[in-house]
1. Out of (1) touching a residue at least 60 places away in the same chain (Cβ under 8 Å); (2) over 19 Å from the mean Cα position of the chain (by Cα); (3) in a helix (DSSP H, G or I), what's the single condition that is false for residue 47?
2. How many residues are assigned to a loop (DSSP other than H, G, I, E, B), touching a residue at least 60 places away in the same chain (Cβ under 8 Å) and farther than 27 Å from residue 238 by Cα when one looks only at region 6-34?
3. Can you go through 14, 40 and tell me which one is surrounded by fewer than 24 Cβ atoms within 10 Å (Cβ to Cβ), within 25 Å of residue 58 (Cα to Cα) and touching a helix residue (DSSP H, G or I) at 6+ places or on another chain (Cβ under 8 Å)?
4. Just to be sure, is residue 62 outside any helix (DSSP H, G or I), in contact (Cβ under 8 Å) with a residue 24 or more places away in the chain and crowded, with 22+ Cβ neighbours inside 10 Å?
5. For residues in region 81-95 being in a helix (DSSP H, G or I) and surrounded by 24 or more Cβ atoms within 10 Å (Cβ to Cβ), which is modelled with the lowest pLDDT?
6. Are there any helices (runs of 4 or more DSSP H) wholly within region 161-268 with 3 or more residues that are crowded, with 24+ Cβ neighbours inside 10 Å, and if so which?
């Protein structure tokens, strides 16, 4: 059982779910939120390496797949936020969270991470639970909804690519090196947009910007990259559904957003699917012959 991979996957989902909280508190636009999330996240990663005497890890060539994944990371975030400007949040979220399912299917056919019938059923159960959280409501009203759907699909494809590329990156490249360069490249990609719509940044907002870089930036991406280096795409995909649950919980606890019984039941289904998928992966690992196991 790779307990570290499971815990870091759940933590990554919970940390990523905080970005909406910070966006509401600061009132900043998508470009600024994405830039500071990734840019300050890279700065925190660099600080950790320097404090722990591992600064030499940033001098290692990270490989082209790592750099490509930095662009996927930026694309996933910015297309998702932009999609919500043209279509409903429900549409955007439902599209983005097709990514774990998409990556699991791709990994089944092309990466040798075979999906069992039980795994496929549990992923479908998580998707059904997420549909319950949205109360089975997909609103196509509005003249620009097709543009929003297109942006949501782009975000989904970037997120799926982020998951899959992290699965195939050379494991000899340290997780710290991968995390730093993915955050850095993502921030560089967002810099022109951030400068084009230069936001007002009063002094009192900087502690919140630091929190954006630390929690949904540095900690969330570090945990995601670490988990993806240890877990199959299907297992990570099932655990990723803890993020929308975190978003719902933060909305209820911090902004008094109410939940219906259907949404609560959907949350319960997602949690159950994630736990059962993890348990099934652990059980499958424990029953495989010792020579077939991949060392942690």
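1. (1)
2. To start, the set of residues in region 6-34 that are assigned to a loop (DSSP other than H, G, I, E, B) comprises 17-18, 27-29.
Pick out the ones that are also touching a residue at least 60 places away in the same chain (Cβ under 8 Å) and you get 17-18, 28-29.
Applying the additional criterion that residues be farther than 27 Å from residue 238 by Cα yields 28-29.
Selection size over region 6-34: 2.
3. On the way: 14 fails: within 25 Å of residue 58 (Cα to Cα).
After applying the criteria, what remains is 40.
4. yes
5. Per the criteria, the residue is 92.
6. Details: elements: 175-196, 206-212, 220-228, 233-239, 242-255.
Filter on region 161-268 gives 175-196, 220-228, 233-239.
The values are calculated or read from the model by the stated rules, or taken from the named source; none is laboratory data. Please read all numbers here as calculations on a predicted model, not as lab measurements. Using ideal geometry, Cβ is built from the backbone for each residue, glycine included, and neighbour counts are taken over all protein chains shown.
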